[in-house]
């Protein structure tokens, strides 16, 4: 599928795929990845003006589709589990309803992706849980059972004739599973901003891919307390030029909101406005290269009220709302931010050419 004209027409609102049955995954009492997260997002979206969103149905992802990313032995093992509560890793517990919920989460990502590729709608959001970006090809990890965004990207390549898929992961945690699914390939470009020295311990800036995929993994680890000004500079000066050179014909976002200042786990300082600005930047990349095709797939974010606000702000931007301008860094912080972006650009200069203005 070749990229087509710049600009996109929103048809009947932003597509939203979700399902109440994802709430049946209830890991353990007090677990941060609780059904309240899903309900908060769904309830907030239900209050949006008529025409802003178009709900679409989703079905559980089929074993063959999950196996585009996950080893078939892992998929078969997961689908054969009974309802016994069990601990899959130190952070990841499952019980009755967990695996069906995870299949629906992947199915929602697939439903939105298929609809925006086939048209006429061009924007979509999959409001899902459990999240997915930590799930490795052969195992569950970090609250994640199946890798929702990776399955959607793989299906876009294998079934929907997309030639180049861009995945942007703005969750506070590195999307290790997504990186590992595509790090030897050039047909999927994976770009991640995440807190450094934080779970899961991957995502160093030196991790750029392997073999044919070298240069198509872009990691920007962020210091504790990183704010809208720093994160905005990384996206404007590093990730946007790479995305523009790559010219994706589909943009997918691992949309975690745990980099928000109000998140109890994240340790970064993004704001509601920052996420709206970030969504606008991603939307504009999709408009320039992908005929507007962009889908957000929710990941982390552990303050339900913050999740609800940020998801609705992003939907407003996807529906054509004007995102707020990025804040300028403080005079004291500006030199360090510029040097950080220059360092990241040097790592990727063998694969990507950056414009002469801005950090170099």
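Among the residues of the range 269-285, which ones are closer than 28 Å to residue 30 by Cβ and part of a helix (DSSP H, G or I)? Within the range 269-285, 272, 275 qualify.
Being closer than 20 Å to residue 201 by Cα and free of Cβ contacts under 8 Å to residues at least 12 places away in the same chain is true of residue 90. Looking across the range 43-63 at every residue that is in contact with a helix residue (DSSP H, G or I) (Cβ under 6 Å, 6 or more places away or on another chain) and assigned to a loop (DSSP other than H, G, I, E, B), the one that is nearest to residue 113 (Cα to Cα) is identified as 58. Going through (1) in contact (Cβ under 8 Å) with a residue 60 or more places away in the chain; (2) in contact with a strand residue (DSSP E or B) (Cβ under 7 Å, 6 or more places away or on another chain); (3) in a helix (DSSP H, G or I); (4) over 25 Å from residue 320 (Cβ atoms) one by one, residue 131 falls short only on (3).
Yes or no: residue 193 at negative phi and part of a loop (DSSP other than H, G, I, E, B)? Spelling it out, it is not the case that residue 193 is at negative phi and part of a loop (DSSP other than H, G, I, E, B).
Filtered by the rule that a residue be surrounded by fewer than 19 Cβ atoms within 10 Å (Cβ to Cβ) and farther than 17 Å from residue 164 by Cα, the range 240-268 gives 261, 264, 265, 267.
For the range 306-360, a residue qualifies if it is touching a strand residue (DSSP E or B) at 6+ places or on another chain (Cβ under 7 Å) and assigned to a loop (DSSP other than H, G, I, E, B), and exactly one does: 319. Restricting 266, 203, 225 to residues that are touching a residue at least 40 places away in the same chain (Cβ under 8 Å), touching a strand residue (DSSP E or B) at 6+ places or on another chain (Cβ under 6 Å) and part of a loop (DSSP other than H, G, I, E, B) narrows the list to 225.
If a residue has to be within 19 Å of residue 126 (Cα to Cα) and either in a helix (DSSP H, G or I) or modelled with pLDDT under 95 (or both) to count, how many in the range 286-305 make the cut?
Final tally of qualifying residues: 3.
The values are calculated or read from the model by the stated rules, or taken from the named source; none is laboratory data. These numbers come from a predicted model, not from an experiment. Note that we place each Cβ from the backbone using ideal geometry, even for glycine, and neighbour counts take in every protein chain shown.
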